[in-house]
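Colleague: Attaching a single structure in structure tokens format; questions to follow.
Just so you know, all these numbers are worked out from the coordinates, no wet-lab data involved. Predicted, not measured: the structure shown is a model, and the values here were computed from it.
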Amino acid sequence: MTDKQSPKFDVPMDRSRRRFVGGALASAVIPLMAIAPAQAQELVKLSEDDAMAKSLNYKHEASEVEHSSFKGGQACKNCALYKTDAAGDGWGGCAIFRGKAVKGSGWCSSYVKG
Ligand code: SF4
């Protein structure tokens, strides 16, 4: 065994390193490929009657909110947890309501200043 060989497999080190790097890249890329279709899936519009929406005082129109922590001007569209309205229909994703779309003009008690 020379100093350029892997001690475990008796393979030249360059080849062993290439395999390791290739394996590491594949490990990183494959999960990303698996995530992409999930992110591209269409979001279901959140209902105000949804149990979690009710527990977080979600309303489609912030102007209708009567909650002690609500401050004028707050809305989903300027919340840090809002994800861009990709469809251009006024609804976007929300980090709290995963898989659901919330209305840009809406609000809930988990609002985070964006
Ligand atoms: Fe809207 Fe933010 Fe509440 Fe999500 S967390 S529903 S974006 S106010």
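Colleague: Can you compute 3J(HN,Hα) from phi for each residue in region 96-103, using the Karplus curve 6.51 cos²θ - 1.76 cosθ + 1.60 with θ = phi - 60°, rounded to whole Hz and x for Gly and Pro?
Modeller: 7, 9, 5, x, 10, 9, 10, 7
Colleague: Using the Karplus equation 6.51 cos²θ - 1.76 cosθ + 1.60 (θ = phi - 60°), what ³J(HN,Hα) coupling, rounded to whole Hz, does each residue of region 75-83 give in order, writing x for Gly and Pro?
Modeller: Running phi through 6.51 cos²θ - 1.76 cosθ + 1.60 with θ = phi - 60° gives 7, 3, 5, 10, 8, 5, 8, 7, 10 Hz.
Colleague: Please compute the length gained on full extension between Lys113 and Asp50, using 0.36 nm multiplied by the number of residues separating them and subtracting their Cα-Cα distance.
Modeller: 20.3 nm
Colleague: Same structure again: Amide H neighbours of Ala101 under 5 Å, at least 5 residues apart or on other chains, H built in the peptide plane: list them.
Modeller: Under 5 Å from the amide H of Ala101: Val44, Lys45, Leu46.
Colleague: Still on this structure, I have one more. Output ³J(HN,Hα) for region 58-64: one whole-Hz value per residue in order, computed from phi by the Karplus curve 6.51 cos²θ - 1.76 cosθ + 1.60 with θ = phi - 60°, and x for Gly and Pro.
Modeller: With the stated coefficients, region 58-64 comes to 5, 9, 5, 10, 4, 5, 8 Hz.
Colleague: Using modelled amide H (1.01 Å from N, peptide plane; none on Pro or chain starts), what sits under 5 Å from the amide H of Trp91, excluding residues fewer than 5 places away?
Modeller: Hits under the 5 Å cutoff: Gly104.
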